[in-house]
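Right, one structure below, let's go through it.
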Amino acid sequence: MHSLLALTATALAVAPLAAQAQTPQPPQAQPPQATSARAPKLLIAISVDQLSSDLFDEYRPRLTGGLGRIASGTAFRNGFQGHSASETCPGHSTILTGAHPSRSGIIANNWFDLSQARSDKAVYCAEDERISGSSSSNYTVSPVHLKVPTLGELMKAATPATRSVAVAGKDRAAVMMSGQRPDQRWYWNGKAYVTDLKGVAVPVSVAAANQAVAMLIAAPGLPLSLPADCTAKARSVALGDGKVSVGTGRFERNAGDARGFRASPAFDGMTLALAARLIGEMRLGKGSATDIIAIGLSATDYVGHSFGTNGAEMCLQLHSLDRDLGDFLRLLDAERIDYAIVLTSDHGGEDVPERLRLNGVAAAARTRADLTPAAIGKAIGAKLGLSGPILIGESANGDVYIDTGLKAADRRRVEVAALAAYRADPQVEAVFARAELERVRVPTASPDKWSLAERARASFDPRRSGDLVVLLKRNITPIADPSRGYVATHGSPWDYDRRVPILFWRSGAVANDRAEAVSAVDIMPTLAALLGIRVDPSSIDGRCLPAAGIARCPSR
Ligand code: ZN
């Protein structure tokens with residue numbers, strides 16, 4: 001059976017890659033080389049959104065496609081997005097900058113700036129809130145919040161002929177992996193692949209991809225057939241008060257259902273097809289300098305949020321991703337591009353609590369509806385005789401801000417009361433006041449050894465973080481009601497959300513399975529060493545990984 005990617009690439013017959021899509025593959029002739037001093041012509045950085053190491057470990061024996069091929073090189077199964085706010089924007093900001101969120105400034109998907117003039121005080125990580133009309137929900141996409149350079153920026157500074165490109169299912173993935181002034185940056189906005197870059201003409205490959213995706217969404221989505229190993233997972237699980245259930249979905253959808261498309265394997269197929277087409281059209285990897293393309297594959301995350309991680313839906317998604325990645329790599333091979341790949345994730349994820357309990361995780365639960373900054377602030381306000389919003393925050397966990405409209409003395413009373421309320425809550429593991437986190441050093445030890453305070457410190461920026469940082473207990477899902485949108489999520493400081501695979505692959509790679517804990521911030525200095533780009537160690541948090549076997553690390 002053809003995958004969507006192969007069909008799409010053929011349907012998009014506009015650039016040289018398409019002509020190659022159906023030709024037989026030449027055998028791989030390159031000799032094995034554990035360490036190469038030769039820089040590749042194309043660096044491919046792939047983020048699979050919400051691909052936890054728990055999922056990677058479980059599915060790895062059955063990955064026979066592109067994901068399996070990439071895992072057959074150097075595979076760090078204990079990679080870490082070490083910071084506590086294990087969300088998409090922070091996670092993507094670490095991968096190609098070598099910087100923790102505490103340095104990059106990307107502390108969360110959304111934070112609050114109570115001093116700004118607009119009525120919406122929330123700020124989206126990849127927006128420019130100074131642009132008139134931008135809001136946290138209807139935002140003007142921009143990299144302005146990212147305080148550190150990406151590898152693509154360093155490559156272009158060292159060699160101006162380098163092209164830096166990003167293609168992703170989410171704007172924040174594309175923006176945080178490419179940073180300032182890439183040559184091309186395309187991301188899905190719910191209807192089409194669009195860009196925030198000014199004065200960039202729409203490439204033929206993007207126009208063709210948008211035409212193909214519009215046709216795909218306009219048609220009904222037929223249910224996918226279940227591979228044998230997914231059948232055992234196809235068991236219906238009722239969520240919350242029983243209004244919704246998950247577990248047996250096969251991505252059947254109505255004509256015109258763009259949200260259903262987004263939470264289905266076809267979405268990654270489209271993004272990969274666009275990436276392949278753009279590589280062909282721009283002739284990436286064929287120029288005088290090394291080029292870089294960052295690819296954000298978002299469907300795994302939408303599938304996890306919509307169906308949880310342990311049903312037939314995720315099983316279908318991972319098999320489809322594996323197959324589509326295989327087709328993508330074969331297209332590059334047919335073009336004889338000398339590429340190196342790193343594949344990782346922005347964060348892990350956890351299953352729905354209802355199925356976790358069926359699988360023996362007795363502590364799994366949803367947050368109570370009254371465990372929100374608004375509700376806790378209201379109770380504190382009543383007790384202290386204060387009015388106003390008191391506490392501001394978007395979720396039961398993470399950053400909480402104290403109303404800046406209060407007098408200083410009242411703010412202190414609110415802080416004391418809020419710390420006490422959170423500490424007494426049976427669903428809360430820890431709460432840190434801003435002053436406490438300011439005294440913690442950004443951790444430099446192995447990320448599996450960090451304390452909770454250190455995890456929170458790696459997510460802390462004094463100008464953007466909350467006055468309090470709340471961390472929920474293990475296996476507590478901060479979605480009180482699963483019938484109103486997402487049913488499962490990530491964002492916790494626990495390893496199911498922090499531990500992600502970090503894979504390096506290049507033609508001729510030899511199997512190199514690694515068990516030691518490494519960090520996503522180690523990726524950038526490792527790739528920089530591969531390219532011969534010097535990075536001041538004091539300007540980043542990561543370190544070059546000699547064990548990756550792809551680069552000679554500088555002595556330090
Ligand atoms: Zn994500």
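Some observations on this one:
- Among the residues making up the stretch 274-304, those that are in a helix (DSSP H, G or I), among the small types (Gly, Ala, Ser) and within 19 Å of the chain's Cα centre (by Cα) are Ala275, Ala299, Gly304.
- Test: residue in the stretch 516-528 that is without any contact (Cβ under 8 Å) to a residue 60 or more places away in the chain and among the aliphatic types (A, V, I, L, M): no
- Taken over the stretch 329-377, residues that are within 16 Å of the ligand (Cβ to nearest atom), in contact with a Lys or Arg (Cβ under 9 Å, 6 or more places away or on another chain) and over 30 Å from Ser507 (Cβ atoms) amount to 0.
- Spans of strands (runs of 3 or more DSSP E) in the stretch 325-443 with at least 1 residues of a type in the set (Asp, Glu) and touching a helix residue (DSSP H, G or I) at 6+ places or on another chain (Cβ under 8 Å): 428-433
Yes/no matrix, rows are residues, columns are (1) within 16 Å of the ligand (Cβ to nearest atom); (2) assigned by TED's automatic domain parsing to the domain that holds Ile292:
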site	(1), (2)
Glu58	no, yes
Lys121	no, no
Tyr124	yes, no
Arg130	no, no
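Let's see how each residue does on (1) closer than 30 Å to Arg455 by Cα; (2) in the same structural domain as Thr74 (by TED's automatic domain parsing); (3) in contact with a Gly (Cβ under 7 Å, 6 or more places away or on another chain); (4) among the β-branched types (Val, Ile, Thr):
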site: Leu316; (1), (2), (3), (4): no, yes, no, no
site: Phe328; (1), (2), (3), (4): no, yes, yes, no
site: Asp338; (1), (2), (3), (4): no, yes, yes, no
site: Thr344; (1), (2), (3), (4): yes, yes, yes, yes
site: Asp351; (1), (2), (3), (4): yes, yes, yes, no
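- Within the stretch 207-251, restricting attention to residues that are in contact with a helix residue (DSSP H, G or I) (Cβ under 7 Å, 6 or more places away or on another chain) and among the β-branched types (Val, Ile, Thr), the residue that is nearest to Ile279 (Cα to Cα) is Val213.
- Selection count where residues are touching a Leu at 6+ places or on another chain (Cβ under 6 Å) and part of a helix (DSSP H, G or I), scope the stretch 48-67: 3
- Summed over the stretch 305-318, the residues that are buried (at least 23 other Cβ atoms within 10 Å of the Cβ) and either part of a helix (DSSP H, G or I) or among the acidic types (Asp, Glu) (or both) give a count of 8.
- Lone qualifier among Ala424, Ala430 - being of a type outside the set (Lys, Arg) and surrounded by 14 or more Cβ atoms within 10 Å (Cβ to Cβ): Ala430
The values are calculated or read from the model by the stated rules, or taken from the named source; none is laboratory data. This structure is a prediction, so every number in the text was calculated from the model and none was measured. No Cβ is skipped: glycine too gets one built from the backbone with ideal geometry, and neighbour counts run over all protein chains shown.
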